[in-house]
Amino acid sequence: MDGVTAGWVARAAGAELALGDPDAPGPRRGAFDSRECGPGDLFFGMRGARVDGGALAPEALAAGAWGVVVEPGHAERAVHNAPEGASVLVVPDGLVALWDLARAWRRELGCKVVGVTGSTGKTSTKDILAAILAPHRTTHASPQNRNTGVGLPITILEADRGVEAMVLEMGMRGEGQIAKLAAIAEPDVGVIVSVGPVHLELLGTVERVAAAKAELIRDLPEHGACVVPAGEPLLDAHLRDDLDTVTFGPGGEAMLLAFDTAADGRGGVAEIECRGERIVLELPYSEPYNLLNTLAAVAAAQLLGVRPNGVVDVAFSSLRGEIVELAGGVTVVNDCYNANPMSMRAALHHLAESPAERRLALLGTMGELGSAAPLFHREIGEEAARLGIDVLITVGEEAVGYAAGYAGETYAVATPEEAAAVLEEIALPGDRVLIKGSRSVGLERVLA
C-alpha cells in the first residue's frame, strides 16, 4: 500500500491508532497468518472458529510486522509488546476493518476490477483471464483460489499502486456471501462461469444457487458489464437491462469457431469470435471445459477494452488438471482440488476423448450435495460407463455410489493412501488416470 500513511490506514479501517506515528509510511500489504508475517505487513488479528487471532498479535510484531489490527481485548498486550516504530490499530471488529481497508485501497488504486464466480471453472477462468490481460494491462489476480471474505480483501491489499486491472475470484457456500465480496471489491465487470448443483446441502435447490451467484449481477454498478453462459435459463430472471451483457458458449456472442489441437495433444490454436471480432489464441491446454472458460475470459477482456491475441501464457492454480507423468509410462491428470456433478462430467468426457491404452477414473466423494448425493454419485458412475471408462477406483464411503451405476472393473477403498496402493498395483504403460474428488477427500495424497 505504497503512498499512504499510518493515519490513512487507520481512518480507512475505522480504527483508533493506539500506537504509532500517523504520518509514518503505511504497510506493504495485509496479512492474517502470524506465522507468515514479516517486515511491512499489517497483521489482522481476527476472531476465528478455533483461534482468536488477536492473541497472536505479539507473535506477528516479534516477526517484524509493520503493525497489527486488534480488537479492544488485545490492545493493551499488543501495545506492550510492540517494538519501536510499530503501529497498533484498535477496531471493534477485525474482519470488518479488513473489508473496509481493502475497499478503500481498491478505490485508491482506481483500476478496473473483474469479479469471477461460478459453480465450476471460476479458478481456471480467473487464471486464463489474468494471462490474457497481462500483455496489455498491469494485472493483479487472486492467487490459487483465494476467494473468501478473508482471502479476497487480502488479495486487494497485496496490489501495488499502478495496477490497471484486478481479477478477483469470488466463492460462496450460501446466500449473501457474493454480495459481501462485491461490496468489498466493487467490480466493474462480473463473470458467472456456470451454475450447477453445488452447495445443495445449504442452499437446497439449483435455483437458489443461481440466485446466490447472481448477487454479483445485482450489485454491479449502473452501466457496468457482465459475462454469462449463453442459454442459461437459471440466470434469465437476474439479468439487468442497464448492464452490457455478453453471453459465451454455443449460441453466444463469444463462441469457438475452430480449435486445432497440437501434435502432443496438450494445447492448440483457438479461433474465437466475440461480438463480430475474430480472435486467434495459442493455448497450452485443450480440455473442452477450459476452452469454454477461455470464451468467458475473452469476453471479459474485451469489455475492459483489451483485444486478446497471441500466446496465452497461463499458469493454472495447483491441483487443477495438472499432468503428471509417472514411471512406467502412466499419465495422471491430477484434478483433485474439488468436484461437483458438472466438473466431474466434464473431466470424465475429457478423459474419454484423450488417447490412452486404458482410461482409469480414481474418484472421491462429491461433497455438499445434501439428500441428493446418492443420486448424483450413481449418475456419475453411469456416465463413466457410457463413456467407456475402463477402470473405476472409488475413495470414501459415499463414493461407493459411483459403482452402483458402473458395471466395469471397480475397486472401492477408504483412503487416498489405499487408492495409491491400488493404482500402483494395476496401472500399466499407456494408461491415463483421472484423479478427482472434493477437497475434503484429500486426493492429492494419492501422488504423495
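Need pairs with beta-carbon distance below 8 Å; first residue of a type in the set (Phe, Trp, Tyr) and within segment 253-270, second not in a strand (DSSP E or B); sequence gap 6+ or separate chains. Filtered contacts from segment 253-270: Phe259/Ser286; Phe259/Leu291. The single condition among (1) out of contact with any Cys (no Cβ under 6 Å at 6 or more places or on another chain); (2) at pLDDT 95 or above that Ala65 does not satisfy is (1).
Exactly one residue out of Leu239, Leu220, Leu292 is within 24 Å of Leu168 (Cα to Cα), assigned by TED's automatic domain parsing to the domain that holds Thr120, in contact (Cβ under 8 Å) with a residue 60 or more places away in the chain and not in a strand (DSSP E or B), and it is Leu292.
Under 20 Å from Arg358 (Cβ atoms), within 28 Å of the chain's Cα centre (by Cα) and crowded, with 17+ Cβ neighbours inside 10 Å: which single residue out of Ala412, Ala427, Ala420, Ala403 fits that description?
Numbers: Ala412 fails: within 28 Å of the chain's Cα centre (by Cα); Ala427 fails: within 28 Å of the chain's Cα centre (by Cα); Ala403 fails: within 28 Å of the chain's Cα centre (by Cα).
Among Ala412, Ala427, Ala420, Ala403, only Ala420 is under 20 Å from Arg358 (Cβ atoms), within 28 Å of the chain's Cα centre (by Cα) and crowded, with 17+ Cβ neighbours inside 10 Å.
Results for (1) without any contact (Cβ under 8 Å) to a residue 60 or more places away in the chain; (2) within 22 Å of Glu383 (Cα to Cα); (3) basic (Lys, Arg); (4) assigned to a helix (DSSP H, G or I), shown as yes or no for each residue.
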| site | (1), (2), (3), (4) |
| --- | --- |
| Ile393 | yes, yes, no, no |
| Glu398 | yes, yes, no, no |
| Ala403 | yes, yes, no, yes |
| Glu417 | yes, no, no, yes |
| Glu425 | yes, no, no, yes |
| Leu428 | no, no, no, no |
| Ile435 | no, yes, no, no |
| Glu444 | no, no, no, yes |
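In segment 228-270, the qualifying residues are those that are among the acidic types (Asp, Glu) and under 22 Å from Ala210 (Cβ atoms), and the one that is surrounded by the fewest Cβ atoms within 10 Å (Cβ to Cβ) is Asp241.
Test of understanding: among Val191, Val209, which residue is buried (at least 21 other Cβ atoms within 10 Å of the Cβ), outside any helix (DSSP H, G or I) and not assigned by TED's automatic domain parsing to the domain that holds Ser371?
Numbers: Val209 fails: outside any helix (DSSP H, G or I).
Just one listed residue meets the conditions, Val191.
Residues in segment 158-172 that are over 18 Å from Ala300 (Cα atoms) and assigned to a strand (DSSP E or B): none.
Report yes if some residue within segment 356-365 is of a type in the set (S, T, N, Q) and either within 28 Å of His199 (Cα to Cα) or assigned by TED's automatic domain parsing to the domain that holds Pro229 (or both); otherwise report no.
Initially, segment 356-365 is screened for residues of a type in the set (S, T, N, Q), giving 365.
Applying the additional criterion that residues be either within 28 Å of His199 (Cα to Cα) or assigned by TED's automatic domain parsing to the domain that holds Pro229 (or both) yields 365.
Yes, the conditions are met somewhere in segment 356-365.
Residues in segment 308-352 that are in contact with a helix residue (DSSP H, G or I) (Cβ under 7 Å, 6 or more places away or on another chain), assigned to a loop (DSSP other than H, G, I, E, B) and over 23 Å from Leu281 (Cα atoms): Leu319, Asp335, Cys336, Tyr337, Asn338. Criterion applied to Glu379, Glu353 was being surrounded by fewer than 24 Cβ atoms within 10 Å (Cβ to Cβ) and at pLDDT 95 or above, and the one residue passing it is Glu379. Going by the conditions given, is Leu203 buried (at least 16 other Cβ atoms within 10 Å of the Cβ), at pLDDT below 95 and either of a type in the set (Phe, Trp, Tyr) or touching a helix residue (DSSP H, G or I) at 6+ places or on another chain (Cβ under 8 Å) (or both)? It is true that Leu203 is buried (at least 16 other Cβ atoms within 10 Å of the Cβ), at pLDDT below 95 and either of a type in the set (Phe, Trp, Tyr) or touching a helix residue (DSSP H, G or I) at 6+ places or on another chain (Cβ under 8 Å) (or both).
The values are calculated or read from the model by the stated rules, or taken from the named source; none is laboratory data. The structure displayed is predicted, hence computed values, not measured ones. Heads up, the Cβs are rebuilt from the backbone with ideal geometry, glycines too, and the neighbour counts pull from every protein chain shown.
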